[in-house]
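Following: one structure in structure tokens, then a few remarks.
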Amino acid sequence: MTIVYIGLGSNLSNTLNGQAQSPLQHIITAIQSLAEIQSTRMISASSLYKSKPVGPQDQDDYINAVVQLETELEPLALLDSLQAIENEHDRVRKKHWGPRTLDLDILMFGDETIKNDRLSIPHVEMANRSFVLVPLAEINSSCSIPGKGLVSDLLLDIGQDGMVILQ
């Protein structure tokens, strides 16, 4: 079993299974779906946070969270499961850093470092993003990002950047 951290983000509403889904609802539903991934167990989920978008500012604010899982899956099998959940939420990849119904990123996979055409672990920008570090610190402040350092130390360097806790 490997401990993994998943980052969640949404800033786009749509209709899912005939029901209107806000970004907040996308995140709540996605957390439930993460708990149901085969050979995987939910350990904890952070609070939900509102944050400004990265990149183009002509889009709505994001709802973000981080989830800690324990899994028997290999990294690419877990990625496939995450992308299936994104697809259930009608995720469309139109624009880099553009709006999205749901974004699920593997932030860390144990203490592994992985770099291939589908996956970079630890997530390339996670140490620079308060919307990742704040919820990650909430569930494990003593967590260390391979090659970057302790989450608590990294968060001191970048601050909370206008994030608002929702629930």
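Every number here is computed from the coordinates shown, using simple stated rules; none is lab data. As the structure is a prediction and not an experimental result, all values here were calculated from the model. Positions of Cβ are backbone-derived with ideal geometry, glycine not excepted, and every protein chain shown enters the neighbour counts.
Take Asp60, project a point 7 Å from its Cα along the Cβ direction, then tell me which residues of the stretch 25-50 have their backbone nitrogen under 18 Å from it. In the stretch 25-50, the label zone of Asp60 (backbone N under 18 Å from the point 7 Å along Cα→Cβ) covers 25-31, 48-50.
Each of Gln160 and Glu88 was given a label point 7 Å from its Cα along the Cα-to-Cβ line. The distance between the two points is 3.2 nm. If you plug the beta carbon distance of Gln32 and Ser141 into 1/(1 + (r/R0)^6) with R0 = 30 Å, you get a FRET efficiency near 0.75. Taking label positions 7 Å along the Cα-Cβ direction at both Glu125 and Met1, the computed distance is 3.3 nm, reported to one decimal. By the rule of a C-alpha distance below 18 Å, with chain neighbours fewer than 8 residues away ignored, the aspartates and glutamates paired with Lys50 are Asp58, Asp60, Asp61, Asp103, Asp105, Glu138, Asp161.
Kirkwood hydrodynamic radius of the stretch 1-62 from all distinct Cα pairs, in Å? Mind dumping the intermediate values first?
Details: mean 1/r = 0.0748 Å⁻¹.
13.4 Å is the Kirkwood radius here.
Binning the C-alpha pair distances of the chain at 10 Å intervals from 0 yields a P(r) profile of 10, 41, 39, 9, 0 %, listed from the shortest bin outward. Using only side-chain charges placed at the Cβ, +1 for Lys and Arg and -1 for Asp and Glu, the dipole size of the chain relative to its Cα centre rounds to 340 debye.
With a length cut of 18 Å (Cα positions projected on each helix's long axis) and a Kyte-Doolittle mean of at least -1.0, go through the chain and give me the DSSP H helices that pass.
Details: long enough: 75-88 (20 Å, 0.24).
Within the chain the helices that satisfy the rule are 75-88.
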